[in-house]
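*Asks:* Supplied in structure tokens, the structure appears directly below.
Derivation of every value follows stated rules applied to the coordinates shown; laboratory data play no part. Remember, predicted model here, so these are calculated numbers, not experimental data. Neighbour counts run over all protein chains shown; Cβ positions are idealised from the backbone, glycine included.
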Amino acid sequence: FPVTIPDRQISGTWGKVFGNKPIDIDYLNNNLLIEFSSISMNHNNNVVFQYSIDSDQNWQTLHARNLSLNNLPFGEHRINIRSQIFGANWSKAETILVNITAPFWKTSWFYIGLILFFFLVIGTVAYMYYRNRILQLRQITTVRAERERISVDLHDDVGADLTRIALLAERRGTT
């Protein structure tokens with residue numbers, strides 16, 4: 001007695017999905033409810049259901065005709081459901097593919113953006129540091145040039161004054 005999911009209707013707080021396509025669920029709203037039944041309704045009390053998530057080895061027995069999964073971690077999941085009646089062989093498992101989207105801060109694009117932002121900040125700090133250093137060197141060069149100009153002017157003025165004093169002294173000494 002194989003498991004059937006009526007019209008493959010799968011629902012959650014995010015809405016309902018029909019058909020065999022994978023289910024995409026947002027990480028904030030990742031509660032999943034799957035309702036199912038067996039083909040044989042005559043012996044419904046003797047039907048046992050099991051499910052496994054992401055592996056065929058760890059099967060959990062269900063005591064109801066639905067499976068409620070809350071707070072699934074983000075990533076791709078394979079949910080397998082199988083049935084058994086009167087202790088016979090297990091039916092072929094019905095597989096439902098579920099993809100829980102990752103929060104934006106756990107995506108590779110976020111990490112790439114974070115690294116780029118880090119390099120931008122480091123680059124900006126380095127640019128500001130070297131720009132400030134160049135401005136300091138220009139200021140030092142300007143101050144040195146001004147000191148040299150003043151020194152040359154003083155030297156010329158003092159030399160001219162000393163020559164004038166010497167000439168005046170020579171003139172008064174001869175008179």
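*Asks:* Ranked from highest to lowest mean number of other Cβ atoms within 10 Å per residue, what is the order of the peptides 125-131, 96-102? Present the calculation step by step, with values, prior to reporting the outcome.
*Replies:* Working: 125-131: 10.0, 96-102: 17.7.
Result, highest mean Cβ count within 10 Å first: 96-102, 125-131.
*Asks:* Can you give me the convex hull volume of the Cα atoms of the range 99-175, divided per residue and expressed in Å³? Mind dumping the intermediate values first?
*Replies:* Values: hull volume 3.5 nm³, N = 77.
Considering the Cα atoms of the range 99-175, their hull volume per residue is 45 Å³.
*Asks:* Give me the orientation-averaged projected area of the Cα convex hull of the range 106-148, in nm², one decimal. Could you put the intermediate results ahead of the total?
*Replies:* Details: hull surface 9.9 nm².
Mean projected area of the Cα convex hull: 2.5 nm².
*Asks:* Sticking with this one: Which order do the peptides 29-36, 73-80, 166-173 come out in when sorted by mean C-beta neighbours inside 10 angstrom, highest first? Provide the component values of the computation, followed by the final result.
*Replies:* Details: 29-36: 17.4, 73-80: 15.0, 166-173: 9.2.
Going by the mean number of other Cβ atoms within 10 Å, highest first, we get 29-36, 73-80, 166-173.
*Asks:* OK, next. Within the set of other residues whose C-beta is less than 9 Å from the C-beta of residue 49, count the net charge using Lys and Arg as +1 and Asp and Glu as -1. Walk me through the numbers on the way to the answer.
*Replies:* Numbers: positive: 65, 82; negative: none.
Charge balance in the 9 Å sphere: +2.
*Asks:* May I ask for the net charge around residue 138, where only other residues with Cβ less than 14 Å from the Cβ of residue 138 are counted and Lys, Arg are +1 while Asp, Glu are -1?
*Replies:* Details: positive: 131, 133, 144; negative: 146.
Summing Lys/Arg as +1 and Asp/Glu as -1 gives +2.
*Asks:* In nanometres, what is the gap between the two model label sites at residue 150 and residue 97, each 7 Å from Cα along Cα-to-Cβ?
*Replies:* 8.1 nm
*Asks:* Assuming 0.36 nm per residue, please report the length gained on full extension of the stretch residue 111 to residue 65 beyond their Cα-Cα distance. Walk me through the numbers on the way to the answer.
*Replies:* Values: separation 46, 0.36 × 46 = 16.56 nm, distance 4.21 nm.
Using 0.36 nm per residue and subtracting the Cα-Cα distance, I get 12.3 nm.
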